[in-house]
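Below: the structure, in structure tokens.
The values are calculated or read from the model by the stated rules, or taken from the named source; none is laboratory data. A quick note: this is a predicted structure, and the numbers were derived from the prediction, not measured. No Cβ is skipped: glycine too gets one built from the backbone with ideal geometry, and neighbour counts run over all protein chains shown. Just the protein is used for accessible areas: all its heavy atoms, side chains included, with ligands, DNA and RNA removed. Shrake-Rupley method; radii C 1.70, N 1.55, O 1.52, S 1.80 Å.
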Amino acid sequence: MADVKEQTDGPAPNSSPAFDVSLLPDYDDDFINEPDFDEFTRALAAPENSPSTDDLTAPPPEPRTFITALNDWRPIHQRVRRRKKQKKSPRRGKDETREGFVYILLKWPLLILVFGWLIFLGISYLLTRVYIYLYEHWITWRGRRERLRKALQSTQTYQEWVDASKALDAHLRNDAWKKVDEYAYYDSKTVRRVTDQMVKLRTRIEAGQDSQRAIEELRGLLEACVKNNFVGFENPRLYSETYYGTKNLVQSFVDGLEASLELLSRTDLLDQDSKRAMFKHLGTNFGRTALCLSGGATFAYYHFGVAKALLDANLMPEVITGTSGGALVAALLATRTDDELKRLLVPALAYRITACHDDTITWIKRWYRTGARFDSVDWAKRCSWFSRGSMTFREAYDRTGRILNVSCVPSDPHSPTILANYLTSPDCVIWSAVLASAAVPGILNPVVLMKKNKNGTLAPYSFGHKWKDGSLRTDIPLKALNLHFNVRFSIVSQVNPHINLFFFSSRGSVGRPVTHRRGRGWRGGFLGSATEQYLKLDLTKWLKVLRHLELLPRPLGQDWSEIWLQRFSGTITIWPKSIPSDFYHILSDPSPQRLARMIHVGQQSAFPKLKFIANRAKIERLIQEGRRATRPARNQDGTLMNVLSEDDLQSILRTSKRGRGNTTLSATSSSSDSPRTRPGSPVDLPLGFSFTKASDRGKTTAISPGGSTSRPKDADDQQPPSPSLSKRITGWWSSIAPPTRERNRPRGLSRKSSRQAHGQAAHSPYGYADRPTSMFELRPPREETLEELYARTGASPKHKRQGSLLKEIKRQSRVFVDDSTTDDDDDDDDDDEYEKKRASGSSGRPRRSNSDAEGGAEFKGSNDYVSDAGDELEDDERDSDGEPEDEATQQFLGSGKGGDQRHDHWVDLVPEARH
């Protein structure tokens, strides 16, 4: 639950200590290191390198002094009037410009027409919002309902707001909605069953009734249901029907998850490895929460109030991202501890916000000379206080444990946006990233990101390329946050002035329900909400038309279409209510009084969301604490500590020396008696790896991680050791690969098959003793010669292959002819002859493993095709190796007659060889 204790909060915005600048931490330290900013000045003055023509690794050349004169008779140092360069407006490149007579003819008329329609839609939307405002204040908010609402808006602390919201819910009879379990936006039956099951399992564990089994069941239940928005229990609609809280069933479910996680984290029935595996699994499925602070010039100071509300309630997320003005606030939050922030987020902070200190004449001259209102180096020095000097992203993470993310856009319009953090750019200096994220064209020129070297000096980052405002493309980088930090839940504080007006929830939002018709109506009535939705969607449509038809011009060389068409919301979106004077002071420093109002408004806008955030945070925090508590200990150098004691190592050493020194530790791939896949996992190893000691006596002794050995198995019930994974692959490869034969080597069967066919006790060529130990040992055992084959079958070579090369090609080509019609007549005779051979125990033809779909050919291991047609070969025909083939060999190898014989297997002839 959110912290509602006032004594843990920072100074209130309206209190006198909040205006005392001397109480601010580090108020007298500017954190300015002049060599760092000198290097930044040189990096800004250096020409931007081109990756295609310049050597990016070479240092930038030193500037040269050029001496010029009008002619040979005039002084050199006389002032020379230079020609004024005409500033050309940036235009599209040749490759980006569409060609065509119709396009050139209709571009500007279409642009003017669409702009006129957009202006009309904008005015209509503004009038619609005025109508909805008047409808709600004249029809909805009246009487006691209006008095309770004003009391809610005048609260100063979160505890006061909770009491006022409960009173308003009781007056609107929202408590009756909480007691009913059924709701269309989540699965109430599943939530009820899971809640009851967790209560039963916790009761059994606390009572000591079959605790081990109950722990395993509770663990499996949590791994199944602790997921992001499981069956809809985190649907924002569940918190949009009341001012405070949600369904009683949902709250019981969240409390049950919290109690179950606490029980599993402190129980002794699960070992450390099992807990670590469980919490890692839960953290992956549940995800993390991120606080996203949008841009908006001086509107970004509302973020201070949102951050103060989260900080006082102890709900500040670990992942924080900011863009443009929000990056400045995010840098302050990520570089200060909680105690420092509670003393910093006060109106006295306005004395440190001095970015717009120049007068009007100064910035007009600068804008005319450089094209930007503000000076980059001056802003860098004033921004360094918010980032505690030249602190990098990694240093900020090490100091506070918070993950700072800053979105930056390259000055090249075609390069992708980057999200700078301690993973993607750990050595990047924070103030340079904040400055780049705030470099709006016309306000601040693109700047160079700086990195900190090992010796503490600064150097240009990313080859000295320039970067600018991140709000131009990705104001809320949710995809990148999900990719880097598994963010599944986002808290967005949105203050952009150009889209703040368009945030409207016709069915209410979290903590702000629709009061019309007791939550079942529409804001402003159905007509008002329908008109608002239509106008907003039509505005978006025509903006997309301008972008896709390339009708929109590029003022200041920038594509401005994305500032309207990107995503600006998250799971929870907080939009503080601005006033008209904020637009007047959009590029000016706030006074302490104005900052106090903005902090208060930011707090008020965040209070309705804290209950939803608290239910999410209590589960996420327990998972993160469990992962940290079960994380393996590390040495000071970052390496893992040895988890085995000296006694364990000595025990393993003594055990390995037994058996006359021939004992080896081998990792086998048996899936029958193997340990768990991961420590404490309820699932067995998929590959069945287990550590066993294979002795020369044929017995196996399992060795536990602690060094103790289990009882050796008897010879009677001992299972043969399972082959390793490489041996399994080797045997499988040998079974399907065609046997390789040397030149002039006769074709025949393996010696193993011959001995087993005659009832001899032969050891398998790929048995456990002489199985190949490498995938490269693929040579099959020695094959029988044809003379041995003929002597065993009692036949003599009769049919020999003779003739020219053309006859041989003709015979080989017949394997592609479908002769199934001639095969059917001889099926019965062939089957009877085969059954007689099997009954007499003689070796008949082998059953085939590779056959054509239509019975046309069989692929032998020697790469020879044997015709299925059953035609007798000519006497002069010989095989490719020059050895004669007789009738017995053809009979043994099989002529392929019969459709049902093509799907038999070789091993049926040798039942003893099956394992």
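Of all trypsin sites (Lys or Arg not before Pro) in region 403-460, which ones are in loop regions per DSSP and have a Cβ with at most 16 other Cβ atoms within 10 Å? Mind showing how you got there, number by number?
Working: sites: Lys451, Lys452, Lys454; in loops: Lys454.
Here the trypsin sites (Lys or Arg not before Pro) that fit, given the DSSP loop and packing criteria, are Lys454.
May I ask you to compute the full-extension gain from Asp38 to Thr457, defined as 0.36 nm times their residue separation minus their alpha-carbon distance, rounded to one decimal in nm? Walk me through the intermediate numbers first.
Details: separation 419, 0.36 × 419 = 150.84 nm, distance 1.08 nm.
So the chain would gain 149.8 nm between Asp38 and Thr457.
Which order do Ser415, Ser274 take by accessible area at a 1.4 Å probe, largest first? Working shown, then result.
Numbers: Ser415 35, Ser274 5 Å².
Final ranking, largest accessible area leading: Ser415, Ser274.
Set Lys and Arg Cβ to +1 and Asp and Glu Cβ to -1, take the dipole of region 396-476 about its Cα centre, and tell me which of Val440, Gly456, Trp467 lies farthest positive.
Of Val440, Gly456, Trp467, it is Gly456.
Region 236-292: which chymotrypsin sites (Phe, Trp or Tyr not before Pro) are DSSP loop and have at most 13 other beta-carbon atoms within 10 angstrom? Provide the component values of the computation, followed by the final result.
Working: sites: Tyr239, Tyr243, Tyr244, Phe253, Phe279, Phe286; in loops: Tyr243, Tyr244.
For chymotrypsin sites (Phe, Trp or Tyr not before Pro) across region 236-292 that sit outside H, G, I, E and B with at most 13 neighbouring Cβ atoms in 10 Å, the list is empty.
Longer than 24 Å from Cα to Cα, which of Lys247/Lys342; Lys577/Lys618; Lys280/Lys308; Lys381/Lys454; Lys166/Lys609; Lys308/Lys466 are they? Say none if no pair is. Provide the component values of the computation, followed by the final result.
Values: Lys247/Lys342 33 Å; Lys577/Lys618 29 Å; Lys280/Lys308 31 Å; Lys381/Lys454 22 Å; Lys166/Lys609 14 Å; Lys308/Lys466 34 Å.
Those over the limit are Lys247/Lys342; Lys577/Lys618; Lys280/Lys308; Lys308/Lys466.
How much solvent-accessible surface does Trp542 expose, in Å² to the nearest 10, with a 1.4 Å probe and all protein chains in place?
The accessible area of Trp542 comes to roughly 70 Å².
Distance between Cα centroids, region 225-243 to region 103-166: provide it in whole Å.
The distance from the Cα centre of region 225-243 to that of region 103-166 comes to 26 Å.
Roughly how many percent of the accessible protein surface of region 438-508 is carbon and sulfur, given a 1.4 Å probe and a whole-percent answer?
On the way: 1490 of 2600 Å².
Answer for region 438-508: carbon and sulfur cover 57 percent of the accessible area.
Just the number, please: carbon plus sulfur as a percent of the accessible area of region 563-636, 1.4 Å probe, no ligands or DNA/RNA counted.
C and S atoms contribute 55 percent here.
Per residue, how many Å² of accessible area does region 122-202 show with a 1.4 Å probe?
Working: 4770 Å² over 81 residues.
Ligands and nucleic acids excluded, the result is 59 Å² per residue.
Under unit Cβ charges (Lys, Arg +1; Asp, Glu -1), what dipole magnitude, rounded to 20 debye, does region 306-372 have relative to its Cα centre? Don't skip to the end; give the middle numbers.
Working: 8 positive and 7 negative charges, 71 e Å.
Taking the Cα centre of region 306-372 as origin, the dipole is about 340 debye.
Can you give the accessible area per residue of region 328-474, in Å², using a 1.4 Å probe?
Values: 5490 Å² over 147 residues.
Spelled out: the 1.4 Å probe surface of region 328-474, per residue, equals 37 Å².
For region 201-349, what % of the accessible area comes from carbon and sulfur atoms, probe 1.4 Å?
On the way: 1830 of 4160 Å².
Result for region 201-349: 44 percent of the exposed heavy-atom area is carbon or sulfur.
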